[in-house]
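The structure appears right after this line, and notes come after that.
The values are calculated or read from the model by the stated rules, or taken from the named source; none is laboratory data. Because the structure is predicted, anything quoted here is derived from the model rather than measured. Cβ sites come from the backbone with ideal geometry, for glycine too, and all protein chains shown count toward neighbours. We work out accessible area using only protein heavy atoms, side chains counted, and drop any ligands, DNA or RNA first. Shrake-Rupley method; radii C 1.70, N 1.55, O 1.52, S 1.80 Å.
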Amino acid sequence: MSKGLRIAGAIGVALAALIFAFAVGRPIKVLPRMAPAPPFELLDPWGKPVSAPREDAKITLYTFGALRDDEGMARIRAFYDKAHRALSDAGFADAVEFVFITVDPDHDDPEALRRAIASPPTVRSLPPQMMPLTGSWIAIRMVVGTGFGVYFQPPAVEAHQGAGQLAAALPPPKYDPTVIVVDRDHVIRARYALNQFDTGTLVRDVNLLVKEANAQGATRWIYEGAHLFLCYPR
Amino acid sequence: MHIHPYERLWIRLSVIMLIVFGIAIALSSLTFGIEIPGATRRAVATGLPVDATPEQSWIRELGPGRYEVNMIARMWGFDPNEIRIPKGSTVTFYLHSQDVLHGIKIRGTTVSMMVIPGQVGRATYTFDEPGEYIFLCHEYCGLGHHVMSGKIIVEG
C-alpha cells in the first residue's frame with residue numbers, strides 16, 4: 001500500500017472517528033427546527049396591529065386560551081408565574097417575551113384584553129408583561145389552528161340555540177392547552193403541553209436557543225452541523 | 001494459517017467496528033438512558049394534543065388545510081381506516097398500538113414508521129396530489145397481518 005494511500009486512509013478514519021464522536025457524544029446540543037411559525041398580523045389590547053416575524057423579535061413563548069375559561073386562565077397564569085421566575089433566576093428574563101393569543105375572538109376583543117391586563121390579579125386577568133393578541137375569527141383560525149397546529153373548537157351554536165341561550169352565554173371554546181417556543185427567526189423550536197410543563201425543561205431550552213443565537217463564525221457552522229446530526233436534548 | 005494481508009485488514013476492521021458498535025450501545029443505554037419500552041416504563045411524549053391517547057381515534061380539522069388524526073393500530077386493523085381530506089392538506093398522524101408491535105407505511109409518501117405499544121408515533125405529511133393513498137402494516141403482527149390496511153382519499 002502506498003504512503004499516500006495510508007495517509008488518506010488515516011485521515012478518513014480520523015474524520016469518521018470525529019464524526020462518530022460528535023454524533024454519539026453530542027458536545028453541542030440544539031433544539032430541533034420543528035416548523036416555521038406562521039406569519040400573522042393580529043391586534044393588541046389598544047387595537048394596534050402586531051405582526052410577526054419582526055426584525056427585533058425575541059424568543060417568544062406563545063400560549064392560547066379564552067378569558068372566559070377560568071380554569072384555563074388559572075393554568076396560564078400559573079405557567080407565567082413559574083416560567084418568569086425560573087427564567088429570571090437563570091438570567092434570561094430579557095431574552096424572552098410572552099404572548100397570549102385568544103381562541104375566543106368573538107368575546108376577547110381588544111377592550112376585553114385591555115381589561116384583562118389592567119385589572120388586579122384575578123382568575124380572568126393576564127400578567128401585564130404578557131402581550132395578549134386577538135383578531136378576526138378566520139385570522140385566529142389560520143394562525144392558531146393552521147399555523148401553530150393547536151386544536152380549538154367553538155361550542156356548537158345549534159346545540160345551545162335550542163335552549164334559548166344568547167351567543168354571549170355560550171361556553172368558551174375547547175382547546176389544547178399548549179406552550180409553543182418560537183426563536184428569533186420565527187421558527188417553532190419546542191412545544192409543551194401546559195399540563196406537563198416543567199420549568200427545568202424550559203430553562204434548558206431557552207439556554208440552548210440563546211447559545212445558538214449568539215454563535216458566530218466557525219461556531220455557527222458547528223451549530224449547523226449539530227442540526228445535521230440530530231444533536232437534540234432528551 | 002496463512003491469511004492474505006487484505007483479508008487480515010478487513011477482519012481487523014470488522015472487529016473494530018463491532019467494538020465501536022458495542023461501545024455505542026453501552027453508551028446509549030448507560031449514559032442516555034435509552035431503553036426498550038415495556039409495560040412498566042411508558043414513553044411520555046410532551047407537546048402532544050391532550051386527546052392523543054390510545055383509547056379513542058379521531059380526525060379533526062385544526063384550521064383550513066391542516067388536520068390531525070389520532071390513529072389506533074390493533075390486530076388486525078387501523079382505526080380510522082378511511083380518511084377523507086381535501087387536496088393540499090397537511091395531516092399530522094399520532095399512532096398508538098393497543099396490543100403488539102405494528103407498523104405503518106402510507107404508499108406514495110414518506111410516512112413509514114413502527115407503531116410500538118406504549119409509545120406515540122408522530123408523522124406529518126402534506127398531500128398535494130389528489131387520489132387514494134393506501135396505508136398498511138409493514139411489521140408482521142400475526143395471522144391477519146396481510147389484511148391490516150386502510151386508505152386516505154385526497155379529494156381534488
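Here are some notes:
- Hey, residue A:62 aromatic (Phe, Trp, Tyr) and not in a strand (DSSP E or B) or not: no
- Hits in segment A:184-234 - residues which are more than 17 Å from residue A:80 (Cα to Cα), of a type in the set (Lys, Arg) and open to solvent by 20 Å² or more (accessible area, probe 1.4 Å): A:184, A:211, A:220, A:234
- Residue B:35 vs. criteria surrounded by 11 or more Cβ atoms within 10 Å (Cβ to Cβ), closer than 28 Å to residue B:110 by Cα, in contact with a helix residue (DSSP H, G or I) (Cβ under 9 Å, 6 or more places away or on another chain) and at pLDDT below 95: no
- Residues of segment A:28-59 that turn out to be of a type in the set (Lys, Arg) and under 17 Å from the mean Cα position of the chain (by Cα), as a count: 3
- Residues located in segment A:84-112, provided they are within 20 Å of residue A:142 (Cα to Cα) and in a helix (DSSP H, G or I): A:110
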